[in-house]
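Notes follow once the structure below has been shown.
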Amino acid sequence: MRAEEGLPDNENGRYTLSLVTGGVMRLDTRTGAVSSCTNSEQGWACYVVPDERAAFDAEIGRLQAENQKLKARLAEHDSTVTGKIDEPLPKSDPLNKAEPKVADGARKIEIPLPSDQDVDRVMSFLERAWRRLMEMANRVQKDVSGKI
């Protein structure tokens, strides 16, 4: 097809054609697909123009499905938590621990074991410290690799 011949028949209105520099843009009015058509030595060829909206919609759908799965897992996890109480804990000084007891006659010191709350606090502290250490190591590595 030559530009001077005019545009071809558009199959009973299915396609809308627009002349552009170097070829024709074709809109499929049934599917909404846009194609760029050019004429080369081998003849006319049309290539679908990537549709960013379709990619965005697919990503939104994937994220919504993932969000629903995570919400279900969270609800599952929350229902299995034990040890929760509805009434507030009595106010006390967490630093004021019970004095070690001396066993009768043996003169051995008994040291109370840490509570689950104490262990959880230590684990949280260690996790945060580990993450900060890893972040610092990554920054140092980036700084060194950028200077070499």
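Residues considered: PRO50, PRO88. Of these, the only one that is out of contact with any Pro (no Cβ under 9 Å at 6 or more places or on another chain), modelled with pLDDT under 85, assigned to a loop (DSSP other than H, G, I, E, B) and closer than 30 Å to GLY23 by Cα is PRO50. Reported count of residues in the range 1-47, each being modelled with pLDDT of 80 or more, among the charged types (D, E, K, R) and in a loop (DSSP other than H, G, I, E, B), is 3. Being surrounded by 10 or more Cβ atoms within 10 Å (Cβ to Cβ) and at pLDDT 85 or above is the requirement here; does LEU113 meet it? When the stated conditions are applied, LEU113 does not pass them.
The values are calculated or read from the model by the stated rules, or taken from the named source; none is laboratory data. Since the model is a prediction, treat every value here as computed from it, not as a measurement. Positions of Cβ are backbone-derived with ideal geometry, glycine not excepted, and every protein chain shown enters the neighbour counts.
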